[in-house]
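Accompanying notes for the structure given below.
The values are calculated or read from the model by the stated rules, or taken from the named source; none is laboratory data. Bear in mind the structure is a predicted one, so any value in this text is a computation, not a measurement. A quick note on method: Cβ atoms are made from the backbone with ideal geometry, for glycine too, and the neighbour counts reach across all protein chains shown.
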Amino acid sequence: MSKSSDAQTPLRDDARPGGTTLPGQEGQSGRRRLTIASVGLLLFAVASAATGQVMLKHGMQVATARAAHSGGSLVFRAATSPWVLLGLVVFGISAIAWLAALSKVPLSVAYPFNALGYIVILIASVLVLHERANLLTWLGSLLVVSGLLIVVLTKPT
């Protein structure tokens with residue numbers, strides 16, 4: 001008699017005594033519960049992506065200024081800019097963190113976390129890159145983050 005594949009399949013919520021959900025296991029709705037570790041991984045992925053973007057922008061500003069000052073190719077200046085190269089490395093690390101987060105959290109829950117990147121990049125662009133942001137930019141970004149909170153905090157039906 002061969003072993004049933006059911007012996008290796010985790011029990012569904014409704015099959016567990018008391019209907020409890022184990023951390024990282026899908027519930028009846030198909031959504032996984034967010035754990036502190038998965039939220040931390042999502043926040044790290046978003047923060048490192050935002051950091052990489054700011055580094056890329058700064059690197060391109062430096063490369064553009066150098067290409068304009070001494071002539072030469074902007075592509076060459078960008079490809080040899082330490083800020084651009086470091087930005088690409090940090091952005092690559094964020095991609096790996098994002099893949100790890102997607103292995104633990106449904107995309108419908110994980111993707112709205114990218115909205116936090118809007119706020120991080122907006123703040124960094126003002127403080128680090130000395131860009132200007134008007135009131136409507138701030139309000140729009142806050143509305144997007146409000147949508148994130150609604151998606152993440154809403155219980156599945």
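From Val89, Val109, Val75, grab the single residue that is out of contact with any helix residue (DSSP H, G or I) (no Cβ under 6 Å at 6 or more places or on another chain), modelled with pLDDT of 95 or more and either small (Gly, Ala, Ser) or assigned to a helix (DSSP H, G or I) (or both).
The conditions single out Val89.
Quick test for you: out of Ala65, Ala50, pick the one residue that is under 30 Å from Leu129 (Cβ atoms), at pLDDT 50 or above, in contact with a helix residue (DSSP H, G or I) (Cβ under 8 Å, 6 or more places away or on another chain) and of a type outside the set (Val, Ile, Thr).
Ala50
Test Gly52 against the stated conditions and say whether it is of a type outside the set (Lys, Arg), out of contact with any Gly (no Cβ under 8 Å at 6 or more places or on another chain), surrounded by 16 or more Cβ atoms within 10 Å (Cβ to Cβ) and in a helix (DSSP H, G or I).
Judged against the criteria, Gly52 is not a match.
Please enumerate the residues belonging to segment 59-72 that are in a helix (DSSP H, G or I) and surrounded by 11 or more Cβ atoms within 10 Å (Cβ to Cβ).
Gly59, Met60, Gln61, Val62, Ala63, Thr64, Ala65, Arg66, Ala67, Ala68
Identify, please: which residue in segment 115-143 is part of a helix (DSSP H, G or I) and polar (S, T, N, Q) and is, among those, modelled with the lowest pLDDT?
Ser141
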